[in-house]
Amino acid sequence: MQVKAGGGPAADSECLMEPALEYHAPESLERAVAMLAEEPGAGALLGGGTDLVAALKCGLLRVRRLVSLRAVPAHREIARTADGGLRIGAFATLHAVAGAAAVRAACPALAEAAAQTASPALRNRATLGGNACIDTRCWYYNQSARWRAHRAPCLKAGGERCYANQGENRCVALFSADTPAALVACGARVTLRGPRGERTQPLENLYSGDGLTPLVKDPAEIVTGIELPAAPAGSGSAYEKWRERDSIEFPVVGAAAYLRLGPGGEVAEARIVLTGVGPGPLRLGGTEAALAGRAAPDEADREIADAVSRSLGVLYLAEAVPHKRRVAGVCVAAAVARAAAAARAARSAA
Amino acid sequence: MKQLIELKVNGQTHDVAARPTDILVDVLREALGLTGAKRGCGLGACGACTVLIDGRPVNSCLMLAVEAVGCEIVTIEGLRGASGLHPVQQAFIEAGAVQCGYCTPGMVLAAAALLEECPQPDEARIREALSGNVCRCTGYVKILDAVRGAASRAKDPA
């Protein structure tokens, strides 16, 4: 588990895992789904475990049963699809995603986001599917039980008040994973297998916008794969991450940009997505619309940065809000400039 | 309830009685007496518990022991070869890259895994490979010296 992004370091590593927790390692996905469905909410899926085990240790997750994917061999491959897109098994590690030549070529933003997630040792265990489904985080929630014991539980911990957002009293825990921002910007679709079969939908629709329950899915549904469409000619993507130190940490802000350029070098299509600023990956529709039709910037554009900073709605955060707004703008402007450069290079190579 | 699991550690197979919730670092330290891997933050943020799982560094504080069944686990105790210390261990001694020593097993294993994969890493690659391992004593300078030294020793053994 990383320690920042609206979640300060836990003060101790006292392990609160329930000693009677059942552990199962079924050999098929179907069996894993069935085990999770037997008693909805009582089980948790164990993939790489880097976030789940930390949450269990801190007493943040009360489940009776762990269903491990250890013995399920499939859904780890990374391959180009027949139409030039990319299919990534959800159980592929972030190390594998960051290092795959196919990912670096087809979706640089994803390779950059995966390479900047957590630390090398965590990336050797953490999976892409797990990163897409990671829980939202908050300074008042991602703490050891001892730290949290000093006040009544917050909304996310089953209590009645939010300490981060005392005005409206709704959970504002932040979604802080890096790879989903890049994936949403590049038009990823996600495949889930559940008790009622398999479904594939835009990844963007997986996120509820609610800090308490950030995912729109049945608890027994398992993310099995991510698919990216073929990158059209003259398109490019980039991911920019700002964090308090250049390793381990979740982002204060992460920004992914996807641009497709028209014949005259103007922006024909833009998708800009932030992470670390809301309960899910946040698409900046206003910025996307403002970029469309404009000449793609050669370098990080101050106007874009300022417009993004101004456009961000109310933020309830432990980090200073004006600072976070400013960083978001700077990250978007830098990501847009690098995506534009990649798009121009792709067009001249075509 | 405890059950017997088979762990392969440093080339030896051990039958260990473990609960499903037992964490790998605790089983290594308490059941097998391999105290090289340290308990640090317990949350994957310091790297003191680093061990190699199938050749790759992993935080053993975030891995259930039962998840390591079927894997090749290497701890600092198993890194030295028949002919003596691993070159990275030797380089840490020669560079004076150890102060309190708490981070050292994790640092050495992360560096050894790096040099196994990339025998001649550039500076950025070395820093990246050690970026999940925190040292509060050395300031990292001597540690980086040691890894560079191990790499150049491998290139030019004289």
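The values are calculated or read from the model by the stated rules, or taken from the named source; none is laboratory data. All values reported here derive from a predicted model rather than from experimental measurement. Virtual Cβ from ideal backbone geometry, glycine too; neighbours counted across all protein chains shown. For accessibility, only protein heavy atoms count, side chains too; no ligands or nucleic acids. Shrake-Rupley method; radii C 1.70, N 1.55, O 1.52, S 1.80 Å.
Sorted into 10 angstrom bins from 0, the C-alpha pair distances of the stretch B:77-148 split as 21, 59, 20, 0 percent.
In chain B, the C-alpha radius of gyration followed by the widest Cα-Cα span (Dmax) gives 15.6, 55 angstrom.
Look at the stretch B:125-137: the mean tally of other chain Cβ atoms within 10 Å of its residues' Cβ atoms is 3. Per residue of chain B, the DSSP helices (runs of n ≥ 4 H) give a summed -39500 (n - 2.57) that works out to -8500 deg cm²/dmol at 222 nm. For the pair A:Ser311 and A:Ser208 in one chain, pulling the backbone fully straight at 0.36 nm per residue adds 35.0 nm over the alpha carbon distance. Counted residue by residue at 0.36 nm each, then reduced by the alpha carbon distance between them, the extension gain from A:Glu39 to A:Asp246 reaches 70.4 nm.
Computed over the alpha carbons of the stretch A:275-348, Rg followed by Dmax gives 13.2, 45 Å. For the peptide A:237-249, the mean number of other protein chain Cβ atoms found within 10 angstrom of a residue's Cβ is 2. A straight chain from A:His323 to A:Glu22 at 0.36 nm per residue would run longer than the Cα-Cα distance by 103.9 nm. Element breakdown for the stretch A:207-350 at a 1.4 angstrom probe: carbon and sulfur atoms account for 54% of the accessible area. Work out the P(r) tail for chain A: percent of alpha carbon pairs separated by more than 32 Å, whole number. Everything past 32 Å amounts to 29 percent.
Taken as entire DSSP H runs, the helices of chain A that both span 30 Å or more between Cα atoms along their own long axis and average -0.5 or more on the Kyte-Doolittle scale are A:321-349.
Annotation: amide H of A:Ser68 within the under-5 Å range of A:His24, A:Ala25, A:Leu46, sequence separation 5 or more or interchain, hydrogens built in the peptide plane.
Label positions at B:Ala82 and B:Arg153, each projected 7 Å from the Cα along the C-beta direction, are separated by 2.1 nm.
For B:Leu64, the residues whose amide H sits under 5 Å from its own are B:Leu24, ignoring neighbours fewer than 5 places away on the same chain, with H placed 1.01 Å from N. Every helix of 4 or more DSSP H residues in chain A counts as -39500 (n - 2.57), and over all residues that averages to -8000 deg cm²/dmol at 222 nm. Each residue of the stretch B:69-81 was assigned a 3J(HN,Hα) from its phi angle through the Karplus expression (A = 6.51, B = -1.76, C = 1.60, θ = phi - 60°), giving 4, x, 9, 8, 9, 10, 9, 4, 5, x, 7, 5, x Hz with x at Gly and Pro. A straight Cα-to-Cα reach below 26 Å connects B:Lys155 with the lysines B:Lys142, residues fewer than 8 places away in its own chain not being considered.
Amide hydrogen proximity for B:Val51: with H placed 1.01 Å from N in the peptide plane, the residues at 5 or more positions away or on another chain lying under 5 Å are B:Val58, B:Ser60.
Straight-distance candidates among the aspartates and glutamates for linking to A:Lys57, with alpha-carbon spacing under 20 Å and chain neighbours fewer than 8 residues away dropped: A:Asp12, A:Glu14, A:Glu18, A:Glu22, A:Asp135, A:Glu249, B:Asp22, B:Asp26, B:Glu30, B:Glu67. Note that the stretch A:183-195 has calculated 3J(HN,Hα) couplings of 5, 5, 4, 8, x, 5, 10, 10, 10, 10, 10, x, x Hz, one per residue in order, obtained from phi through the Karplus relation 6.51 cos²θ - 1.76 cosθ + 1.60 (θ = phi - 60°); glycine and proline are x. Working note: Karplus 6.51/-1.76/1.60 with θ = phi - 60° gives the stretch B:3-20 the couplings 9, 7, 10, 9, 10, 9, 10, 6, x, 10, 8, 10, 8, 10, 8, 9, 7, x Hz, where Gly and Pro are set to x. Rounded, prolate or oblate, given the Cα gyration tensor of the stretch A:8-105, with a/c below 1.5 counting as rounded? Judged from the Cα gyration tensor, the stretch A:8-105 comes out oblate (a/c at least 1.5, b/c at or above a/b).
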